[in-house]
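Reading through the structure tokens given below for one structure.
The values are calculated or read from the model by the stated rules, or taken from the named source; none is laboratory data. What you see is a predicted model; the values in this text were computed from it and never measured. Neighbour counts run over all protein chains shown; Cβ positions are idealised from the backbone, glycine included.
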Amino acid sequence: MKTLNTFSTGDTAIEPGKPAKLWMPKKVLFTPDAIKEPFGEKIYERVNQYNLPIEVLKNNRLTGLRGETERETYQLAKSTLAIVNAPPSAFKLRPIPPSADFQFHLAEGCPAHCQYCYLAGSLQGPPAIRVFANLPSILQNTLNYKLPGKVTSFEASCYTDPLSIEHLTGSLAETIQFFGNRHDGHLRFVTKFTAVDPLLNIDHNGRSRWRVSLNANAVSRHLEGGTATINARIQALRKLAFPRENGGGAYPIGIVLAPIMPVANWQEEYSLLLDQIQENLDFPANLTFELITHRFTPGSKEVLLEWYPNTSLEMDESSRAVKRNKFGGSKYVYPQETMNVMKKFFYQEIKDRFPKADILYWT
Ligand code: SF4
């Protein structure tokens, strides 16, 4: 089986648990409709506390996010936080298999710089971070989506990393609280950030599964700019799952290993990661795993190469298998033989260390 990534993973040293700094945008824009929303006003107050430059736009269209080159547009947009109202289309929820029954969005965009970012190719236009001021209506709307005879699950991190902007928005706390009061729905979201302390004591009532995205240290170091270190994420996971009596108690937690890549020494790299997790989760926890291998589409590759022209991320179609969907689109995944070897390895290593944890899926 070939290893595919060009960067050398070499040293497997674990970085100290340095949390990511709280992200501060260079510019904050509010649309007139967003600032009229009571939740938009609350965001205004939070942002104002940080003395950030705020502009209330004259109309509801976001402009001024394009530079002269794609690179300039990327830099300008990624340092802009825009508070807008989600459009009517956001109220028609779509399924998101295998992660959850439905997806909804607190925001679109993310301030981090992962060179394989899942948002490339799925969100249109400059990658500014758009936060929805009409969140209370978005949450109310989820009540219209119930699957008969089961607790319906909702994924809230398809288009953003909700913890990356939480200090500026309060949207995640609002959402966890909403699901804490709701008996027939479960919330799921995933993050690569670590500022969990203000959210530990919310009455979540076990209805929010907080997942942390993890990867081999070397993969994260090379490809996940602007995020917290792996060790800091594991420490945050420990805090979330640690037994306690206040708030809703310990959160149900999850580990999303993504994107899994057969880099040099990948067995050693990922074994070390799993050891690190095991050492830190040295108490019973409600824990799941989701295992996602790296993939790309022609569209995402094009956008990612514009955003990160010097990337060391392997996106070589000739070393991949093509997977087609029913809408005629295609994505490039690892060949079946590679997938089989990796799947067997991860299932065995996880079972050995976490016999009670559910592995929800491999893709
Ligand atoms: S944290 Fe997630 S959404 Fe943000 S840049 Fe990385 S992959 Fe993209």
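See the values below:
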item	result
Residues of the stretch 278-321 classified as surrounded by fewer than 17 Cβ atoms within 10 Å (Cβ to Cβ), small (Gly, Ala, Ser) and part of a loop (DSSP other than H, G, I, E, B), total	1
Candidate set: the stretch 104-143, residues that are more than 14 Å from the ligand (Cβ to nearest atom), of a type outside the set (A, V, I, L, M) and under 19 Å from the mean Cα position of the chain (by Cα); chosen: the one farthest from Gly329 (Cα to Cα)	Phe132
From the options Lys192, Lys146, residue that is touching a Lys or Arg at 6+ places or on another chain (Cβ under 9 Å) and either modelled with pLDDT under 95 or surrounded by 21 or more Cβ atoms within 10 Å (Cβ to Cβ) (or both)	Lys192
Residue count, the stretch 55-97 (criterion: surrounded by fewer than 16 Cβ atoms within 10 Å (Cβ to Cβ) and touching a residue at least 40 places away in the same chain (Cβ under 8 Å))	5
